[in-house]
Amino acid sequence: MHTFTTTIALQNYLQGLQGKTIGFVPTMGALHVGHLSLIERSIAETDITVASIFVNPTQFNNTADFDKYPRTIADDRTMLERAGCHILYAPETPAEVYNGYTMQTFDFAGLDSSMEGYFRPGHFQGMANVVFRLFDIVNPNKAFFGEKDYQQLALVRHMAAKHFPALEVVACDTLRESDGLAMSSRNRRLSDDERVISSNIPRILNSAKEHNITDAKQLKLWVEGEFAMVPGIRLEYFEIADGNSLQVVDKVNSDSRMFIAAYVGDVRLIDNMAAQ
Ligand code: PAF
């Protein structure tokens, strides 16, 4: 695997690969099996796979969260190498990424008005700017994103359709631990007790799905009631929204998804699932 810490060296190398299709997996490191599944998919669908590791400060609306974000670059490199990734772009400073770039304000046509967009002001603008910048640097044919960050995926699709029309954004299934907890870099910050408590998130979501309640308000009340009974979890939001428009719905149907953010200790976890 070739590792580049400077943008210019990466771009020079990529220029020599004319005619090859490029798959791109942007990450913030602290890699887990979920990330590796994106790498595998990229390797299967393109000639050259580029991964990036950059903990992007502009998408953290909370500096404590940025400081605590796990950084495990040596382990990440080993995992990527073993997975067969061809190129790692691991810039060491924000200046390396953003030099010469002017931050933009994206219009997401309302896709960002609820859930993560509402509870993490500024997060999606920061995320979209870094993804735009990375797309610009890497110029991939396909980019791979996990459905765990469903709203992020929708916004990236929206941004890419306008600014990178030739790029295909590929949605990849959420990978889960054996108790159903969605894989996330943040899971490693959970204590053993908190890790056990966290498994209530997929448990309650699965159970909500099985209840087959079609009135969204009723379903929301039921889920909120379930979470209120679990000590150690603080629900930030639970919403049922249309899987395409991300607008909150009144009636649950086969296009609806359940979205959740909850704190276990000081770790903020998100998840989503089809509602039917
Ligand atoms: O999902 C993430 O890890 C980040 O938001 C991303 C897409 C790498 C941008 O920093």
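The values are calculated or read from the model by the stated rules, or taken from the named source; none is laboratory data. Just so we're clear, the structure is a prediction, and the values are computed from it rather than from any experiment. Positions of Cβ are backbone-derived with ideal geometry, glycine not excepted, and every protein chain shown enters the neighbour counts. Only protein heavy atoms, including side chains, enter the accessible area calculation; ligands, DNA and RNA are left aside. Shrake-Rupley method; radii C 1.70, N 1.55, O 1.52, S 1.80 Å.
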| In this structure, is HIS211 open to solvent by 50 Å² or more (accessible area, probe 1.4 Å) and either touching a residue at least 40 places away in the same chain (Cβ under 8 Å) or more than 27 Å from GLU96 (Cα to Cα) (or both)? | yes
| Subset of segment 174-186 that is within 15 Å of the ligand (Cβ to nearest atom) and in a loop (DSSP other than H, G, I, E, B) - its residue that is surrounded by the most Cβ atoms within 10 Å (Cβ to Cβ) | SER184
| Count of segment 83-137 residues which are of a type outside the set (A, V, I, L, M) and part of a helix (DSSP H, G or I) | 16
| task | Give the residue that is farthest from VAL248 (Cα to Cα), with candidates limited to residues of segment 98-123 that are surrounded by 16 or more Cβ atoms within 10 Å (Cβ to Cβ) and in contact with a helix residue (DSSP H, G or I) (Cβ under 6 Å, 6 or more places away or on another chain). | result | PHE106
| query | Is there a residue being under 11 Å from the mean Cα position of the chain (by Cα), within 13 Å of the ligand (Cβ to nearest atom) and in a loop (DSSP other than H, G, I, E, B) anywhere in segment 140-161? | reply | no
| query | For segment 5-34, what are the residues that are free of Cβ contacts under 8 Å to residues at least 24 places away in the same chain and in a helix (DSSP H, G or I)? | reply | ILE8, ALA9, ASN12, GLN15
| remark: Flagged in segment 228-242 as in contact with a strand residue (DSSP E or B) (Cβ under 9 Å, 6 or more places away or on another chain), surrounded by fewer than 17 Cβ atoms within 10 Å (Cβ to Cβ) and not charged (D, E, K, R), in numbering order, are ALA228, GLY232, TYR237
| said: Checking LYS220 against (1) within 30 Å of PRO70 (Cα to Cα); (2) touching a strand residue (DSSP E or B) at 6+ places or on another chain (Cβ under 9 Å); (3) not small (Gly, Ala, Ser): exactly one of these is not met. Which one? | reply: (1)
| said: at pLDDT 95 or above, open to solvent by 30 Å² or more (accessible area, probe 1.4 Å) and polar (S, T, N, Q): is that true of ASN62 in this structure? | reply: no
| Output for segment 49-67, where each listed residue is in a strand (DSSP E or B), near the ligand (Cβ under 9 Å from one of its atoms) and hydrophobic (A, V, I, L, M, F, W, C) | ILE53
| note | Every listed condition ((1) in contact with a Lys or Arg (Cβ under 9 Å, 6 or more places away or on another chain); (2) touching a residue at least 40 places away in the same chain (Cβ under 8 Å); (3) of a type outside the set (Lys, Arg)) holds for SER245 save (1)
